[in-house]
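Here is the structure we will look at, set down as structure tokens.
The values are calculated or read from the model by the stated rules, or taken from the named source; none is laboratory data. Since the model is a prediction, treat every value here as computed from it, not as a measurement. In this analysis, Cβ positions are derived from the backbone assuming ideal geometry, glycine residues included, and neighbour counts consider all displayed protein chains.
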Amino acid sequence: MKANNISSEFNRVLSEKIKFIQQNAQKRKSIYGEEQLKRPVSFWTKNDRLKNEIGKEFTIILRTKGCNWALGEWGGCSMCGYFLDANFEDVPATHLINQFDYAFNDKINALKQDNNNYILKIFNSGSFLDENEIPKEVRKYIYNKILKVAKIKEFVIESRIEHITSEKLEELREFFDSKYIEIAIGLETVNDYVRSNYINKGFLFKDFKDTLKRCKEYGIGVKVYLLFKPLFMNEHAAIDDCVRSIKTLIELSVNSISINPMNIQKGTLTEYLWFQNRYRPPWFYSLFKCLKKSLTQKNLINVRVLSDPSGAGTKRGIHNCLKRDCENSAKEILKSFVLSQNLSILDQKGYECTCKKKYNLQKVFY
């Protein structure tokens, strides 16, 4: 009981600090005009790993009112600054449709002529299945557009678990019978203490397992985001936490695991501590060690393991010593592993940097 009380008090203090920093950041935030709300935050295509082949991704990021968890009384997650891309007020359904069409119409002809198959990812810095962000009419409009494109073999959205209801899963299943669907969930870790008191995620592992079971009942795939090196963890602890999480999720037969090394986003508690030299993003060496300790080649037959780090090779993202050759080599190794799903790539000899000695000396303490 005492441990629970300590945990609750820690979480309360963490939430208050996150909220305070977020509110200060919001004061410097841009106000979006009507024309800006008719355009997505961003969109792109690039090479990616599909379930059974190398193909391409088409990613669209919609600008909505933002994540309900970040905008609520608990202040959101300690590492997430995506609220700065949000509008904070409702974005009309017509504007959301305009955003989708702007990106979709820009890329669709090239996509249809491409020899590659595609995975379409629609993100909105919150939850696609939250009707306060994406109304039902907008969801159905998007679904209907996707159905008409044979090249789009897979469709991925993101959502917090409280919005993943049986009704919405049934809706997805009714629309898509020939395409593979995945819902990406930010679990971050299987450790409830870490998720609550280092990340402030707002749900427990048992809640995730209930949602996973519900998705399986409707034949919907689940991608799990794991946060590599949350706040208050050194390299050694980060490896152990992520290894345990990966092995547990494989046992639960999730469909995909996306490992997200911490990156320093503006307006976050993570940035606040980083500015004070009280946090350093992880080393590539740690991520590679984690992958090798947690996976076998046999595992990769049934689960897709992904990692596409934001800010990789820069001081705000996962990095080694920031020398160009060192960072480029590490990024290329990670990219090759993700596309091929071949673990042996992580053992290939490439650029050998002297910073690995420094890493081996400091990893437990930094």
Residues satisfying the stated conditions in the stretch 110-129, i.e. part of a loop (DSSP other than H, G, I, E, B) and closer than 19 Å to residue 98 by Cα: 124, 125, 126, 127, 128, 129
Residues of the stretch 182-207 satisfying the condition of being farther than 21 Å from residue 75 by Cβ and crowded, with 21+ Cβ neighbours inside 10 Å: 182, 183, 190
I'm checking my understanding of the structure. Among residues of the stretch 270-286 that are in contact with a Gly (Cβ under 9 Å, 6 or more places away or on another chain) and outside any loop (DSSP other than H, G, I, E, B), which one is surrounded by the fewest Cβ atoms within 10 Å (Cβ to Cβ)? 271
May I ask you to verify whether residue 33 is over 16 Å from the mean Cα position of the chain (by Cα), under 24 Å from residue 189 (Cβ atoms) and small (Gly, Ala, Ser)? no
Search result, residues across the stretch 195-234 that are outside any loop (DSSP other than H, G, I, E, B) and basic (Lys, Arg): 195, 206, 209, 213, 214, 216, 223
Of residues in the stretch 228-257 being within 18 Å of residue 319 (Cα to Cα) and small (Gly, Ala, Ser), the one surrounded by the most Cβ atoms within 10 Å (Cβ to Cβ): 238
Given (1) within 27 Å of residue 316 (Cα to Cα); (2) at pLDDT 95 or above; (3) of a type outside the set (Phe, Trp, Tyr), identify the lone condition not met by residue 140. (1)
Only one residue in 331, 289, 357 is basic (Lys, Arg), in a helix (DSSP H, G or I), under 26 Å from residue 57 (Cα atoms) and free of Cβ contacts under 8 Å to residues at least 60 places away in the same chain, so which one is that? 331
Considering only residues of the stretch 250-269 that are hydroxyl-bearing (Ser, Thr, Tyr) and not in a strand (DSSP E or B), which is nearest to the chain's Cα centre (by Cα)? 268
Within the stretch 292-301, the count of residues that are over 15 Å from residue 241 (Cβ atoms), basic (Lys, Arg) and not in a loop (DSSP other than H, G, I, E, B) comes to 1
Please go through (1) surrounded by 16 or more Cβ atoms within 10 Å (Cβ to Cβ); (2) without any contact (Cβ under 8 Å) to a residue 24 or more places away in the chain; (3) closer than 15 Å to residue 123 by Cβ for residue 71 and return the number of the only condition it doesn't satisfy. (3)
Scope the stretch 82-122; condition under 23 Å from residue 19 (Cα atoms) and either of a type in the set (Phe, Trp, Tyr) or in contact with an Asp or Glu (Cβ under 7 Å, 6 or more places away or on another chain) (or both); matching residues: 82, 83, 88
So for the stretch 127-138 (the condition being closer than 30 Å to residue 279 by Cα and surrounded by 18 or more Cβ atoms within 10 Å (Cβ to Cβ)), does at least one residue qualify? yes
